[in-house]
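The structure appears below as structure tokens.
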Amino acid sequence: DSGVTQTPKHLITATGQRVTLRCSPRSGDLSVYWYQQSLDQGLQFLIQYYNGEERAKGNILERFSAQQFPDLHSELNLSSLELGDSALYFCASSKVGDEQFFGPGTRLTVL
Amino acid sequence: DQQVKQNSPSLSVQEGRISILNCDYTNSMFDYFLWYKKYPAEGPTFLISISSIKDKNEDGRFTVFLNKSAKHLSLHIVPSQPGDSAVYFCAASANLGDNLFFGTGTRLTVIP
């Protein structure tokens, strides 16, 4: 158990819908990262937050957005969903200058 | 543009023998390299890391070797155990704490 929690574990929705994925980092970790893993691919970096502020952005679509709240949990919002958005979404957290620890992921299926 | 590459999708090894997983990268700005292990239905688990100032880092049965001139790193597992069967991801970043660039993974099967 990495100490990073993600909810929900599974999400099934339809094209055009909007969903919110939630992540709670390890105690004391100020950085939160979001990654997407499509079928048989490596993890692709989406976005990083540090202590509530956006710190780095990867190949995140404009339909996707994220935020980190004062209690340090983070949410990833995916809107106008398309079939190709079906993937595993991982959240990771870290302390400053430390390795990233990953949550168990949320499997999103868009039908 | 895959900046971190794992060219072997799978590897099978007999229990007790050495497993060698390979990884290549293209971005010379990468200074920190990590290996993660992933079981089905779980998130990646951090295994071992190495910074570019070293060429070797060892932790128990796991050793990572870095060849900066060749932009190549490898993970050695000795002796391999059936519980090591998982997908192994190589990852890299410019600095520790920066976002990671991942390879596509190598599925290791250790045969009892």
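The values are calculated or read from the model by the stated rules, or taken from the named source; none is laboratory data. Computed from a prediction, not measured in an experiment: that's the story for all the values here. So basically every Cβ, Gly included, is an ideal-geometry build from the backbone, and we count neighbours across all protein chains shown. In case anyone asks, the SASA skips ligands and DNA or RNA and just uses the protein heavy atoms, side chains included. Shrake-Rupley method; radii C 1.70, N 1.55, O 1.52, S 1.80 Å.
Residue count for region A:23-45 satisfying the condition of being farther than 15 Å from residue A:107 by Cα, among the hydroxyl-bearing types (Ser, Thr, Tyr) and surrounded by fewer than 19 Cβ atoms within 10 Å (Cβ to Cβ): 1.
Of all the criteria given as (1) in a loop (DSSP other than H, G, I, E, B); (2) within 14 Å of another protein chain (Cβ to nearest Cβ); (3) crowded, with 16+ Cβ neighbours inside 10 Å, the one not satisfied by residue B:23 is (1).
Limited to region A:78-93, what total is found for residues that are away from every other protein chain (no Cβ under 14 Å), open to solvent by less than 10 Å² (accessible area, probe 1.4 Å) and not aliphatic (A, V, I, L, M)?
Taking region A:78-93 and keeping what is away from every other protein chain (no Cβ under 14 Å), we get A:78-86.
Still in the list and also open to solvent by less than 10 Å² (accessible area, probe 1.4 Å): A:78, A:81, A:85.
From the residues that got through so far, the ones that are not aliphatic (A, V, I, L, M) too are A:85.
So the count comes out to 1.
For region B:85-97, a residue qualifies if it is open to solvent by 30 Å² or more (accessible area, probe 1.4 Å) and at the interface with chain A (Cβ under 7 Å from one of its Cβ atoms), and exactly one does: B:96.
Being under 18 Å from residue B:106 (Cα atoms), small (Gly, Ala, Ser), away from chain A (no Cβ under 14 Å) and surrounded by fewer than 16 Cβ atoms within 10 Å (Cβ to Cβ) narrows it down to one of B:80, B:74, B:12, B:28, so name that one. Before you say what the answer is, go through the steps one by one.
Details: B:80 fails: surrounded by fewer than 16 Cβ atoms within 10 Å (Cβ to Cβ); B:74 fails: surrounded by fewer than 16 Cβ atoms within 10 Å (Cβ to Cβ); B:28 fails: under 18 Å from residue B:106 (Cα atoms).
Just a single option satisfies the conditions, and that option is B:12.
Filtering region B:31-71 to residues that are closer than 19 Å to residue A:42 by Cβ, assigned to a strand (DSSP E or B) and open to solvent by 40 Å² or more (accessible area, probe 1.4 Å) leaves B:45, B:46. Within region B:98-112, if we keep just the residues that are within 14 Å of another protein chain (Cβ to nearest Cβ) and out of contact with any Gly (no Cβ under 7 Å at 6 or more places or on another chain), the residue that is surrounded by the most Cβ atoms within 10 Å (Cβ to Cβ) turns out to be B:100.
Considering A:20, A:106, which residue is open to solvent by 30 Å² or more (accessible area, probe 1.4 Å) and either of a type in the set (A, V, I, L, M, F, W, C) or at negative phi (or both)?
Values: A:106 fails: open to solvent by 30 Å² or more (accessible area, probe 1.4 Å).
It is A:20.
Does residue A:65 satisfy the criteria of being more than 22 Å from residue B:36 (Cα to Cα), modelled with pLDDT of 95 or more and of a type in the set (S, T, N, Q)? Full working, then the answer.
Working: more than 22 Å from residue B:36 (Cα to Cα): yes; modelled with pLDDT of 95 or more: yes; of a type in the set (S, T, N, Q): yes.
Yes: the conditions hold for residue A:65.
A Cβ distance below 7 Å, combined with a sequence gap of six or more or placement on separate chains, defines the contacts here; from region B:37-58, residues that are in contact (Cβ under 8 Å) with a residue 24 or more places away in the chain and within 11 Å of chain A (Cβ to nearest Cβ) reach no residue that is assigned to a loop (DSSP other than H, G, I, E, B) and among the aromatic types (Phe, Trp, Tyr).
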